[in-house]
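**Q** Structure in structure tokens, see below.
The values are calculated or read from the model by the stated rules, or taken from the named source; none is laboratory data. Just so it is clear, the model here is predicted, and its values are computed rather than measured. Here the Cβ positions follow ideal geometry from the backbone for every residue, glycine too, while neighbour counts run over all protein chains shown. The protein model used for the area step is the full one, side chains on, heavy atoms only, and it has no ligands, DNA or RNA in it. Shrake-Rupley method; radii C 1.70, N 1.55, O 1.52, S 1.80 Å.
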Amino acid sequence: KAGVTQTPRYLIKTRGQQVTLSCSPISGHRSVSWYQQTPGQGLQFLFEYFSETQRNKGNFPGRFSGRQFSNSRSEMNVSTLELGDSALYLCASSLEGGFGGYTFGSGTRLTVV
Amino acid sequence: AQTVTQSQPEMSVQEAETVTLSCTYDTSENNYYLFWYKQPPSRQMILVIRQEAYKQQNATENRFSVNFQKAAKSFSLKISDSQLGDTAMYFCAFMSINNNDMRFGAGTRLTVKP
């Protein structure tokens, strides 16, 4: 079956702009989590969605938001981009939560200039 | 808050040899899950092995096995018969049964040398 698909793979944006990243989970998976990966901070949890509801949220400012659609596809949005938002954004899907382990996408590399 | 510590930023091993990656974690909870993920240069995180804290038996997956010491809060990964394709970043991760926030360590960069 198809894996977790994240689009786009690469993105370059200017400070102050906003960006939307997309994630299509494995078919049948209802939980989607987002992580930010940077060399300095490592992997940090952004939020998790399950059946269109945000179930858990990490310690990120309100500029970071997300949503999940009825087909389990998820989007995350970052508004008013800052240079520090440059990172690899990873999406992970699971059936109902990460206890069985996540399946990750290949990520979106966001560069803010 | 749960924290995960990987004290070895980088390691190397000769092909066909065995290597052990260390991981410790801090939690006050009794039931949780532990994971090792591999991230090759392709960027995609791949689940290597998973351990349920309430199970005494150490998990194994082919050449990969763990040494889970619950009292010591230690969760090391042993890779036997190392292969060139094992070259990657390895992340140890913790997940409480009470939420879906998986906490990762800083990672260990493993290089397998021919």
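**Q** Which condition number in (1) open to solvent by 60 Å² or more (accessible area, probe 1.4 Å); (2) part of a strand (DSSP E or B); (3) closer than 20 Å to A:Leu43 by Cβ is the one that B:Val66 fails?
**A** Every listed condition holds for B:Val66 apart from (1).
**Q** Quick check on my filter: what residues within segment A:40-52 are away from every other protein chain (no Cβ under 12 Å) and among the hydroxyl-bearing types (Ser, Thr, Tyr)?
**A** Across segment A:40-52, the qualifying residue is only A:Ser51.
**Q** Taking strands (runs of 3 or more DSSP E) that do not extend beyond chain A, which have at least 2 residues that are touching a Gly at 6+ places or on another chain (Cβ under 9 Å)?
**A** Those strands (runs of 3 or more DSSP E) span A:5-7, A:19-24, A:31-38, A:42-50, A:53-57, A:74-78, A:87-94.
**Q** If you check A:Gln37, A:Gln68, which single one turns out to be farther than 23 Å from B:Trp36 by Cβ and either within 14 Å of chain B (Cβ to nearest Cβ) or open to solvent by 40 Å² or more (accessible area, probe 1.4 Å) (or both)?
**A** Matching residue, one of A:Gln37, A:Gln68: A:Gln68.
Every residue, every condition in (1) open to solvent by 40 Å² or more (accessible area, probe 1.4 Å); (2) facing chain B (nearest Cβ under 10 Å); (3) among the acidic types (Asp, Glu), yes or no:
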residue: A:Ile26; (1), (2), (3): no, no, no
residue: A:Lys57; (1), (2), (3): yes, yes, no
residue: A:Glu75; (1), (2), (3): no, no, yes
residue: A:Glu82; (1), (2), (3): yes, no, yes
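**Q** Please verify whether segment A:92-110 includes one or more residues that are touching a residue at least 24 places away in the same chain (Cβ under 8 Å), touching a helix residue (DSSP H, G or I) at 6+ places or on another chain (Cβ under 9 Å) and farther than 26 Å from B:Thr108 by Cβ.
**A** no
**Q** Consider segment B:80-102. How many of its residues are away from chain A (no Cβ under 14 Å) and among the small types (Gly, Ala, Ser)?
**A** 3
**Q** If you don't mind, there's one more thing I want to ask. Which of the residues spanning segment B:33-46 are assigned to a strand (DSSP E or B) and crowded, with 18+ Cβ neighbours inside 10 Å?
**A** Listed by number, the residues that qualify are B:Tyr33, B:Leu34, B:Phe35, B:Trp36, B:Tyr37, B:Lys38, B:Gln39.
**Q** Here's a check for you: in segment B:69-105, which residue that is closer than 17 Å to A:Trp34 by Cα and open to solvent by 10 Å² or more (accessible area, probe 1.4 Å) is farthest from the chain's Cα centre (by Cα)?
**A** In this case the residue turns out to be B:Asn99.
**Q** Every residue in segment B:22-32 that is open to solvent by less than 60 Å² (accessible area, probe 1.4 Å) and not in a loop (DSSP other than H, G, I, E, B), please.
**A** Of everything in segment B:22-32, those that are open to solvent by less than 60 Å² (accessible area, probe 1.4 Å) and not in a loop (DSSP other than H, G, I, E, B) turn out to be B:Tyr25, B:Tyr32.
**Q** Same structure, new question: For A:Gly100, which of the numbered conditions (1) open to solvent by less than 40 Å² (accessible area, probe 1.4 Å); (2) facing chain B (nearest Cβ under 9 Å) fails to hold?
**A** With respect to (1) open to solvent by less than 40 Å² (accessible area, probe 1.4 Å); (2) facing chain B (nearest Cβ under 9 Å), A:Gly100 is out only on (1).
**Q** Same structure, new question: Which one of these is in a strand (DSSP E or B), open to solvent by 30 Å² or more (accessible area, probe 1.4 Å), at negative phi and within 11 Å of chain A (Cβ to nearest Cβ): B:Arg109, B:Arg50?
**A** From the options B:Arg109, B:Arg50, the qualifying one is B:Arg50.
**Q** Can I ask one more? Hey, can you tell me all the residues within segment A:84-97 that are small (Gly, Ala, Ser) and either open to solvent by less than 50 Å² (accessible area, probe 1.4 Å) or facing chain B (nearest Cβ under 7 Å) (or both)?
**A** Correct list: A:Ser86, A:Ala87, A:Ala92, A:Ser93, A:Ser94, A:Gly97.
**Q** Could I ask something else about it? For segment A:71-83, which residues satisfy the criterion of being free of Cβ contacts under 8 Å to residues at least 40 places away in the same chain and farther than 15 Å from A:Ser22 by Cβ?
**A** Across segment A:71-83, there are no qualifying residues.
**Q** Within segment A:73-110, count every residue that is of a type in the set (Gly, Ala, Ser) and more than 13 Å from the chain's Cα centre (by Cα).
**A** Number satisfying all stated conditions: 8.
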